Structure formats: structure tokens, C-alpha cells
Amino acid sequence: MKFTQCDKILIAMLKNSGIDNWVATDFMTASDYFVGYEASARMSDLLRMYPELFIVGKRDKFRTLSINWEEKELIKELKNKYEII
């Protein structure tokens, strides 16, 4: 299955529950979740798509996104969609 850039970011965030705050630069280095310079825009897209799923914060001058783990039903749906265990 081919994933969009938004999918890659969302999958990374859901799979790595130990990471509290994500910034766009997390997706700008070579890895399975590489998105590139468009990562910030894709994070904004995800925030518009699933506003209840994210907690917005700030680290220095950068916006951070965290998963709102209290949204159990939505997280369950997304994990099923992307086949995340």
C-alpha cells in the first residue's frame, strides 16, 4: 500500500506513543517516515483533518503536535485503517 505524506506522519505518531511532541523536522531526515520540506504543511493538513486528535504546543519557535490519547475511538479507527498493532 502506498501512503501519502499525511499518512506517513500520522502512522509515525500513532506507532511511537513514547514520543510526546513532534515537530516538522522529525520528518525531514531520512527514515521510514521521511516527508521532506513539506512536513510542516502536511502536519497542518492533519490538524485540519483531525482537530480533536492533536494537542498543539510550541518548542522554541516551532509548533509541536502531540496525539490526544484520550480520543480512544478515533485512534482505534485510525490504527485499524493503517493496520497498526
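Relative contact order for the chain: what is it in percent, counting Cα pairs under 8 Å that are at least 6 residues apart?
Reported relative contact order: 30 percent.
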| request: Starting from the amide H of Thr64, placed 1.01 Å from N in the peptide plane, find each other amide H under 5 Å away whose residue is 5 or more places distant or on another chain. | output: Gly57, Lys58, Arg59
| message | Show me the trypsin sites (Lys or Arg not before Pro) within segment 1-62 that DSSP assigns to loop and that have at most 11 other Cβ atoms within 10 Å of their Cβ. | response | Lys2, Lys61
| remark: For the chain, listing chymotrypsin sites (Phe, Trp or Tyr not before Pro) in a DSSP loop whose Cβ sees at most 15 other Cβ atoms within 10 Å gives Phe3, Phe34, Tyr37, Trp69, Tyr82
| task | Sticking with the crude label model, points 7 Å out along Cα→Cβ, report the distance from Trp69 to Thr25 in nm, one decimal please. | result | 2.5
| request: Set the Förster distance to 22 Å, then compute FRET efficiency between Lys15 and Ser40 from the Cβ-Cβ distance, nearest 0.05. | output: 0.60
| said: Positive end of the dipole of the chain, charges at C-beta (+1 Lys, Arg; -1 Asp, Glu), about the Cα centre: which of Ile11, Ala24, Asn68 has its Cα farthest in that direction? | reply: Ala24
| remark: If the chain between Arg59 and Lys2 were fully extended at 0.36 nm per residue, the gain over the current Cα-Cα distance would be 17.4 nm
| Tally Lys and Arg at +1 and Asp and Glu at -1 over the other residues with C-beta under 9 Å from the C-beta of Thr64: what net charge comes out? | +2
| said: Distance cut-off 27 Å, Cα to Cα: go down the list Lys8/Lys61; Lys58/Lys81; Lys2/Lys61 and report the pairs above it. | reply: Lys58/Lys81; Lys2/Lys61
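Throughout, read-outs are computed from the coordinates displayed, never taken from laboratory work. Given the structure is predicted, the values throughout are model-derived calculations rather than measurements. Note that we place each Cβ from the backbone using ideal geometry, even for glycine, and neighbour counts take in every protein chain shown.
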